[in-house]
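Enquirer: Dropping a structure here in structure tokens format, bear with me for questions.
The values are calculated or read from the model by the stated rules, or taken from the named source; none is laboratory data. Worth saying up front: this structure is predicted, and the values here are computed from it rather than measured. Neighbour counts run over all protein chains shown; Cβ positions are idealised from the backbone, glycine included. We work out accessible area using only protein heavy atoms, side chains counted, and drop any ligands, DNA or RNA first. Shrake-Rupley method; radii C 1.70, N 1.55, O 1.52, S 1.80 Å.
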Amino acid sequence: MSTLTVTRRDSATGPVLDVAGSLDYDHAATLRREVGLLFLDSGQCLSIDLSGLDFCDSSGISALLAARQHALAAGADMVLLSVPANTLRIMTMVGLNRVFTIHPGTT
């Protein structure tokens, strides 16, 4: 499995985290740490771009849920962008497509 990189950039609506590599047990803490460093204002939107994601296991899904919780606690929204088909299929099977706001493109 490949390592995970999380790169932050800013957009008009709020921060965007570009996630690439494997979001798995060995690397989920990287995403949690990067999200924990974000200061979100009420009304902003945290976007997590998964277009570079190679693999995501349950630890990765848990990290994404923690990111959503971080955003909601700040009064912000969160969207997932460009979720790979295999990850989207798993999210749909367990009903997370109704929990996350998912957009097909990137910002």
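Enquirer: Report the Cα-based extents of the chain along its three principal axes, largest first, to the nearest Å.
Expert: Extents along the principal axes: 34, 27, 22 Å.
Enquirer: Just going by the charge dipole of the chain, with Lys and Arg at +1 and Asp and Glu at -1 on Cβ, which of THR5, TYR25, HIS103 is farthest out on the positive end?
Expert: Projecting each Cα onto the dipole axis, the largest value belongs to HIS103.
Enquirer: In debye, nearest 20: dipole of the chain around its Cα centre with unit charges on the Cβ of K, R (+) and D, E (-)? Let's see the in-between values first.
Expert: Working: 7 positive and 10 negative charges, 40 e Å.
My answer is approximately 200 debye.
Enquirer: Quick check on segment 13-71: what are the equivalent-ellipsoid semi-axes from the Cα gyration tensor, as sqrt(5λ), descending, whole Å? Write out the running numbers ahead of the final one.
Expert: Working: eigenvalues 78, 28, 15 Å².
Semi-axes from the Cα gyration tensor: 20, 12, 9 Å.
Enquirer: Identify which of ASP57, ASP49, ASP24 has the largest mean-square fluctuation in a Gaussian network model of the chain, with springs joining Cα atoms closer than 10 Å.
Expert: ASP57
Enquirer: Another one. Report the calculated FRET efficiency for ALA66 and VAL94 (r = Cβ-Cβ distance, R0 = 22 Å), to the nearest 0.05. Mind showing how you got there, number by number?
Expert: Values: r = 16 Å, r/R0 = 0.73.
E between ALA66 and VAL94, to the nearest 0.05, is 0.85.
Enquirer: Tell me, what is the 1.4 Å probe accessible area of SER2, in Å² to the nearest 10?
Expert: In the full protein context, SER2 sits at about 50 Å².
Enquirer: Leaving out ligands and nucleic acids, note down the accessible area per residue over the chain with a 1.4 angstrom probe, in whole Å². Mind dumping the intermediate values first?
Expert: On the way: 5580 Å² over 107 residues.
Result: 52 Å² per residue.
Enquirer: Take the solvent-accessible surface of the protein heavy atoms, probe 1.4 Å, and return the percent of it on the chain that carbon and sulfur atoms account for. Walk me through the intermediate numbers first.
Expert: Numbers: 3020 of 5580 Å².
The value for the chain is 54 percent carbon and sulfur by accessible area.
Enquirer: For the chain, what's the relative contact order in percent, using C-alpha pairs closer than 8 Å and at least 6 residues apart?
Expert: Details: 200 pairs, mean separation 27.2, N = 107.
Computed over the chain, the figure is 25 percent.
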